[in-house]
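What follows is a single structure, written as structure tokens, with notes after it.
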Protein chains: 2
Amino acid sequence: MSATVLYMSMSLDGYVAGPNERLDNGLGDNGMRLHDWFFADKDEFGKLSGVNGTVAAEAMATGAVFTGRRTFELGGGWGGDHHDGVPIYVFTRSEPDRTAEKKWPLVTYVTDVATAVAEAKRAAGGKNVMVHGIGTARLALAAGVLDELEIHLVPVLLGQGRRLFPERDAAHIELERTRTIEGEAGITHLHYRVRH
Amino acid sequence: MSATVLYMSMSLDGYVAGPNERLDNGLGDNGMRLHDWFFADKDEFGKLSGVNGTVAAEAMATGAVFTGRRTFELGGGWGGDHHDGVPIYVFTRSEPDRTAEKKWPLVTYVTDVATAVAEAKRAAGGKNVMVHGIGTARLALAAGVLDELEIHLVPVLLGQGRRLFPERDAAHIELERTRTIEGEAGITHLHYRVRH
């Protein structure tokens, strides 16, 4: 069964980016600290080694990407191919961008979250769907279509920045812990399934 | 070597209490969800069993308590004995309460965080010092005298409430992960040492 999964590096105090995010400061001030582990210890082929490498590879083994328009456009549409030629579903509230769709055959704009996720799952061919972007993840969580969370917990307190979980309504969302892995560099990989 | 340790149940989205905390609603709305694990599965002697029981017992094996005046007074001073007759150091900004000190021989009021921690460590006789209360923990962290964190990570997203780590200055505090344990009920016990 295909699942939608959010893969996210988060500090112990809940931040996924430093303060003062801008187009030319995409991770926020010192936000790179959260991603050090991902860029460290690459082998001669540029592949991340060790336990961290194994866990990181799971994200790249997904069969489709579900993202929001902002994340997609800020990333230059990943040149039309996020990884390995898998289809990309872009959620947009406004009129879909048919230019991007025509230019990039892997890209489909969708105006409804549940439909986007359903189409992405179908297109993933049994593999999981990568949920890309914090806003997208929140939309999916609120719509009840985010299935799993893989949190790469980074051993640092940032103090400020962008939170993965800002304040929302007070309804509890129960999770099922499905895996805990101690990675290198103090990274703890926590996997949860959302109880729908 | 004696270490100051904060033991705290926290939801994956960073909350240690639900919203609307009041004197008669001490854990906030539905905040008990964070402590379910602690009150479940007690044996015939009222002792928590399993892995969760082993980890919880560590807090009760501390040799002294360091707390803030508010936590201390809200808890009725624990009748002058938090656990096993260990000394209690109460941080207060205002004039110390000599009445409580006279009534309860284990209780000492201290007006300086660093001094309180130093005295508590000395009094702990080689055991660790329990840091009691979120405000106290933050003071100790800011003063550079919080040594370790034991986070009991609860598999739930509360959405609202009191955060363990509200926004502060942007100085990174680096941690060293020293232990990860999968407990019952989806609780993950994360132990960190603060890199001073």
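The values are calculated or read from the model by the stated rules, or taken from the named source; none is laboratory data. What you are looking at is a predicted structure, and each value in this text was computed from that prediction instead of being measured. Don't worry about glycine lacking a Cβ; one is built from the backbone with ideal geometry, like all the others, and counts go over all protein chains shown. The protein model used for the area step is the full one, side chains on, heavy atoms only, and it has no ligands, DNA or RNA in it. Shrake-Rupley method; radii C 1.70, N 1.55, O 1.52, S 1.80 Å.
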Legend entry - Three semi-axes of the equivalent ellipsoid, the range B:75-154, Cα gyration tensor, whole Å, largest first: 20, 15, 13
Inset, instruction - Give the chain A residue with the shortest beta-carbon distance to the rotation axis relating chain A to chain B, plus that distance as a whole number of Å. - result: A:Gly14, 2
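Taking a probe of 1.4 Å and counting only protein heavy atoms, give the total accessible area buried between chains B and A in Å², rounded to the nearest 100. Mind showing how you got there, number by number?
Numbers: alone 10500 and 10470 Å², together 17580 Å².
In total, chains B and A hide about 3400 Å² from solvent.
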Legend entry - Fraction in percent of alpha-carbon pairs per bin - 10 Å, the range A:104-196: 13, 39, 35, 13, 0
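In cubic angstrom, how much convex hull volume per residue do the alpha carbon atoms of the range A:4-137 span?
Working: hull volume 17.6 nm³, N = 134.
Convex hull volume per residue, Cα atoms: 131 Å³.
Which GluC sites (Glu not before Pro) in the range A:135-196 pass both tests, a DSSP loop state and at most 15 other beta-carbon atoms within 10 Å? Numbers along the way, then the final one.
Details: sites: A:Glu148, A:Glu150, A:Glu167, A:Glu174, A:Glu176, A:Glu182, A:Glu184; in loops: A:Glu167.
For GluC sites (Glu not before Pro) across the range A:135-196 that sit outside H, G, I, E and B with at most 15 neighbouring Cβ atoms in 10 Å, the list reads A:Glu167.
From the Cα gyration tensor of the range A:27-85, with a ≥ b ≥ c the square roots of its eigenvalues, which class applies: rounded if a/c is under 1.5, or else prolate if a/b is larger than b/c, or else oblate? The partial results should precede the final answer.
On the way: a/c = 2.16, a/b = 1.28, b/c = 1.69.
Oblate.
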Inset, instruction - May I have the pair-distance distribution P(r) for the protein assembly as shown, computed from all Cα-Cα distances with 20 Å bins from 0 and rounded to whole percent? - result: 25, 53, 19, 3, 0
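How many partner chain Cβ atoms sit within 10 Å of a residue's Cβ in peptide A:176-185, on average, as a whole number? Spell out each step's value before the answer.
Details: counts 2, 10, 2, 1, 7, 1, 3, 1, 0, 1.
For peptide A:176-185, the averaged partner shielding equals 3.
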Inset, instruction - Enter the Cα centre distance for the pair the range B:162-196 and the range A:9-35, rounded to the nearest angstrom. - result: 18 Å
Inset, instruction - Give the shape of the range B:151-196 as rounded, prolate or oblate, defined through the alpha-carbon gyration tensor: a ≥ b ≥ c are the square roots of its eigenvalues, a/c under 1.5 means rounded, and otherwise the shape is prolate if a/b is larger than b/c and oblate if not. - result: oblate
Inset, instruction - Please work out the Cα center distance from the range B:44-85 to the range A:63-96, rounded to the nearest Å. - result: 51 Å
Legend entry - For B:Met10, residues with placed amide H under 5 Å, excluding near neighbours: B:His152, B:Leu153, B:Val154
